[in-house]
Amino acid sequence: MTTYRLAFTLDSDATFGRGDGLAGVVDAEVQHDEDGLPYLGGRALKGVLAEECANIFFALEKSDMADAWRAAAYELFGAPGSDAQAQSILHVGHAQLPSDLRAAVQTGVRRGELSREQVLESLTAIRRQTAVDPASGAPRDETLRSMRVIVRGLAFTADLSFQGQPSPETLPLLAACVKGLRRAGQGRNRGRGRLTARLFDPDGQDITDAQFGVFKQKVAP
């Protein structure tokens, strides 16, 4: 197994939602672990990368180049209705805060110096919004919602592990998906979840631009 790393920094507040809220506190809660540390689940992260891949393929199909990259896309995200032989060889881990921060917080929580609630509140904020009547411009009744957001500036990393040797086109396509990844989480069309992402090899070298350069050369030689 070969493990690469995806790293991103939040350029705006983000809500990596967990699908529910907390009565009397927020209508939309963020994913967080037992220590109160927010994270983006691996399945959700792989989903937004796959969405970027679909956007790329929309352009490739218009230039009749999609077939040359289809096998690489299947290695990354699997083929629709695929059997065991055509499944993705890429496993995407949770995007988490830096390991030294997580270790320090975990120690503090275990010692009773911090509570999960204190940790969560220190890394997040609560935003409120309401729907507006387009005719009158006034807030609509009973539409006030609260959403917890992870504050901008925080950095996350996720392991990208290949169960097998990727083809020569796979890493360039992955780099293109990473370059295209600009938003994640809920409220993306309202300015939330903007991010800057980079791809690192097993030795910790940033290979985003180099691999994306390979992709561009093959697409537009």
Please enumerate the residues belonging to segment 29-58 that are among the aliphatic types (A, V, I, L, M) and surrounded by fewer than 16 Cβ atoms within 10 Å (Cβ to Cβ). Ala54
Pick out the one residue from Leu120, Leu171 that is surrounded by 13 or more Cβ atoms within 10 Å (Cβ to Cβ), at pLDDT 95 or above and either in contact with a Leu (Cβ under 9 Å, 6 or more places away or on another chain) or within 30 Å of Leu60 (Cα to Cα) (or both). Leu171
Could you give every pair whose Cβ atoms fall below 9 Å, whose first residue belongs to segment 43-65 and is of a type in the set (S, T, N, Q), and whose second residue is surrounded by fewer than 18 Cβ atoms within 10 Å (Cβ to Cβ), counting only separations of at least 6 or pairs across chains? Asn55/Gly180; Ser63/Val219; Ser63/Ala220
Given the options Ala131, Ala138, Ala103, name the one that is loosely packed, with under 12 Cβ neighbours inside 10 Å, of a type in the set (Gly, Ala, Ser) and at pLDDT below 90. Ala138
Please go through segment 59-72 and pick out each residue that is under 21 Å from Ser88 (Cβ atoms) and surrounded by 10 or more Cβ atoms within 10 Å (Cβ to Cβ). Leu60, Glu61, Ala66, Ala68, Trp69, Arg70, Ala71, Ala72
For Ala197: the one exception among (1) at pLDDT below 95; (2) small (Gly, Ala, Ser); (3) closer than 24 Å to Leu123 by Cβ: (1)
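The values are calculated or read from the model by the stated rules, or taken from the named source; none is laboratory data. Just so you know, these numbers come straight off a predicted model, no measurement behind them. A quick note on method: Cβ atoms are made from the backbone with ideal geometry, for glycine too, and the neighbour counts reach across all protein chains shown.
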